[in-house]
Amino acid sequence: AFNECGAFMIDVMFDTNIFNRILDGLLAVEEFRGKVRCFVTSVQRDELMRTPDIDRRNNLGNYFRKVDATQVPTESAVFGRSRFGACKFGKEDGLYSELRRALDSLSPRDSNVADALIGETSVILGHTLITEDRLLLSVIENNGGSVMTLQRFREDILESRG
């Protein structure tokens, strides 16, 4: 796809922490609108809606809608985590399991399930994952995915596209 200036638009998937950065004023929606095509899964929205602070949760929901990303199903399903109708029932390639295993070996934490679902989906769809999670960044890179920090996204994608 091309934007109104004829520049090729890349497909990006924002990790949940990027929506927090948008709310905190570290990235404005206007900076990337028309320069990239944004995608999300139900996982990011579910994580945002578990934010304990009600005002912050409501504001995150508003920014989630303002980004106007296309929601795609996760490429795998995890019982108790995945939403019926918003997931697929997994490929036989074992990518989700590999990502989850790698994340757990670096730092066992509950969010690894969500990170592996988001990461697998971005890799399989060929979207560049934008994240501030250094562990997830490393694991996605090591598994052949396109991934970058917010700073690199700003420098390599946004600033180069005017």
Surrounded by 22 or more Cβ atoms within 10 Å (Cβ to Cβ), of a type outside the set (A, V, I, L, M) and touching an Asp or Glu at 6+ places or on another chain (Cβ under 6 Å), is that true of T41? no
For the stretch 125-138, give me each residue that is closer than 20 Å to V72 by Cα and surrounded by fewer than 18 Cβ atoms within 10 Å (Cβ to Cβ). L125, G126
Considering only the stretch 92-115, how many residues are small (G, A, S), crowded, with 18+ Cβ neighbours inside 10 Å and modelled with pLDDT of 95 or more? 1
Qualifying position, being at pLDDT 90 or above and open to solvent by 40 Å² or more (accessible area, probe 1.4 Å), among E141, E120: E141
Would a scan of the stretch 152-161 turn up a residue that is closer than 13 Å to F14 by Cα and either among the acidic types (D, E) or more than 16 Å from the chain's Cα centre (by Cα) (or both)? no
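The values are calculated or read from the model by the stated rules, or taken from the named source; none is laboratory data. It should be emphasised that the depicted structure is a prediction, and the values quoted were computed from it without experimental measurement. Every residue, glycine as well, gets a Cβ built from its backbone with ideal geometry; the counts of neighbours run over all protein chains shown. The accessibility values were calculated without ligands, DNA or RNA, using every heavy atom of the protein model including side chains. Shrake-Rupley method; radii C 1.70, N 1.55, O 1.52, S 1.80 Å.
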